[in-house]
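To start, the structure under review is shown below, and the notes come after it.
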Amino acid sequence: MFNRIAGKYDAMNRLLSARTDLIWRKKAIKKLREVQPQSILDIATGTADMAIMACKLLKPVQITGIDISTEMLEIGRNKVEKEGLGGKIRLQEGDSEAINFAENTFDAVMAAFGVRNFGHLEQGLAEMKRVLKPGGQLVILEFSKPKRGVIRGLYNLYMRVVAPQVAKWFRQNKEAYQYLSESANAFPERKDFVEILNKLGYTDTGYKSLSLGICCIYTGRKPVL
């Protein structure tokens, strides 16, 4: 599905979010400034939006992005080269639920709008913790559902009806944007997600709600041995 929509993925993200997704990504990345990570793993990197932005804002030594969509990765590589960041960002095919790196490899692990696609959520989160160095920082940006009644109703209407219809008008995969709504609704959010992080052994966990609850930034750390 993501291979099919890869060509217009960035443009549709900007259109459907009115470019607010760029603000959300920047806020999430700024959560990593305190730890000044030199090696970062970008989970479900897609077309490398997070990797490129993090490289510019944090100036690490190396960012590695993994994704299972070959078409998304190809577009991401082109963007990385266009930005002149080929020496800093490496993109490769990889399964986020079976990460092909040794334990204690990365100073930070981040993911934007990808964790909800995990087939086995806890397995993927455990893998992210495994490859973090002790004391390493986790940052996850993910959709959530607004709590306020009117806002929640408008959000549901937009996600279930408006976004798929806009995608159809632009000759995109309507089913992919219906999936967006379904996966966001099924995702354990806020305190429920933080409880999962705690269960898996992350420390200093928490979340910050953005844009009236449309999405959240989740944070945690791998314990220091």
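Points worth noting:
- Among (1) modelled with pLDDT of 65 or more; (2) assigned to a helix (DSSP H, G or I); (3) closer than 22 Å to ALA51 by Cβ - the single one GLU195 does not satisfy: (3)
- Enumeration of residues in the stretch 199-220 that are at pLDDT 90 or above, in a loop (DSSP other than H, G, I, E, B) and of a type in the set (Val, Ile, Thr): none
- Criterion: under 16 Å from the mean Cα position of the chain (by Cα) and touching a residue at least 40 places away in the same chain (Cβ under 8 Å) - qualifying residue of VAL131, VAL139: VAL139
- Strands (runs of 3 or more DSSP E) contained in the stretch 80-178 and holding at least 3 residues modelled with pLDDT of 95 or more and either aromatic (Phe, Trp, Tyr) or surrounded by fewer than 20 Cβ atoms within 10 Å (Cβ to Cβ) (or both): 89-93, 132-143
The values are calculated or read from the model by the stated rules, or taken from the named source; none is laboratory data. Everything numeric in this text was worked out from a predicted model, so none of it was measured. In this analysis, Cβ positions are derived from the backbone assuming ideal geometry, glycine residues included, and neighbour counts consider all displayed protein chains.
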